[in-house]
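The next block holds one structure in the form of structure tokens; read it before the comments.
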Amino acid sequence: IEAASYPGKGEFKLSGQLGDVMKESAHAAFSFLRGHASLLGIPSDAFTKQDFHIHIPSGATPKDGPSAGVTLLTALTSLLRGVAVTDNLAMTGEISLRGRILPVGGIKEKVLAARAAGIQTVLLPEQNRAEFEEIPAHVTEGLSVEYYSDMMELLKRTVPQAFLSQGPVVRARDGW
């Protein structure tokens, strides 16, 4: 997933062979970041003086499904904070506007793909823990798996540099 920004008026553009569900995930990530910009140290005018473009490469291969929300959120946070994403991670999970990470399907296939790509750390929704634990040990051997249910906690892991220059992030009583 690629994210770019350039001078503009706050427009949000998506490109690649994206289905409706993936487009919704991108908009949810963008809305969450707009609503929590001050908690993340994102300047208040970042969303009005720039346009944003997210591109999902791979040519004509259609992509859809509720699995890329955490990745889209991470890419946008990285862009808006100007810090790199932690290397050698694979992640999956859908997101809510209230800051929750929701479960997804196909955990075994996604773990196999991460392993085949040489990834050493996989980030999964907490609610997918049982599904991961059903995968045979010879498949998961050598993988480090971390579980998340909170988007801010995931962002502390995926873009930790974004949190080094600010105080603690405080969770509100009823979500974010």
### Task
Among what's in the range 98-108 and is without any contact (Cβ under 8 Å) to a residue 60 or more places away in the chain and in a strand (DSSP E or B), pick the residue that is surrounded by the most Cβ atoms within 10 Å (Cβ to Cβ).
101
### Query
Under 7 Å by Cβ, and 6 or more places apart or on different chains, what pairs join a residue from the range 33-60 that is on the phi > 0 side of the Ramachandran plot with one that is open to solvent by 60 Å² or more (accessible area, probe 1.4 Å)?
41/165
### Task
Only residues in the range 8-19 that are at negative phi count as the first member; pair them with residues that are in a loop (DSSP other than H, G, I, E, B) and open to solvent by 40 Å² or more (accessible area, probe 1.4 Å), Cβ under 7 angstrom, at least 6 apart or cross-chain, and list the lot.
9/48; 17/60; 17/61; 17/62; 18/64; 19/62; 19/64
### Task
Answer yes or no: is there a residue in the range 12-32 that is among the hydrophobic types (A, V, I, L, M, F, W, C), within 13 Å of residue 95 (Cβ to Cβ) and open to solvent by 50 Å² or more (accessible area, probe 1.4 Å).
yes
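Quick one: in the range 109-147, of everything that is part of a helix (DSSP H, G or I) and of a type in the set (Val, Ile, Thr), which residue is least open to solvent (accessible area, probe 1.4 Å)? If you could, list the steps in order and put the result at the bottom.
First, the residues of the range 109-147 that are part of a helix (DSSP H, G or I): 109-116, 126-133, 137-140.
From what's left, of a type in the set (Val, Ile, Thr): 111, 139-140.
Values: 111: 1, 139: 16, 140: 26 Å².
This residue is 111.
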### Query
What number goes with the only condition from (1) at pLDDT 90 or above; (2) open to solvent by less than 50 Å² (accessible area, probe 1.4 Å); (3) within 16 Å of the chain's Cα centre (by Cα) that residue 8 does not pass?
(3)
### Query
Out of (1) modelled with pLDDT of 60 or more; (2) open to solvent by 40 Å² or more (accessible area, probe 1.4 Å); (3) under 21 Å from residue 97 (Cα atoms), the odd one out for residue 172 is which?
(1)
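The values are calculated or read from the model by the stated rules, or taken from the named source; none is laboratory data. Values in this document were obtained by computation on a predicted structure and should not be read as measured data. As a convention, Cβ positions derive from the backbone with ideal geometry for all residues, glycine included, and neighbour counts pool all protein chains shown. Protein only, heavy atoms only, side chains kept; ligands, DNA and RNA dropped before computing areas. Shrake-Rupley method; radii C 1.70, N 1.55, O 1.52, S 1.80 Å.
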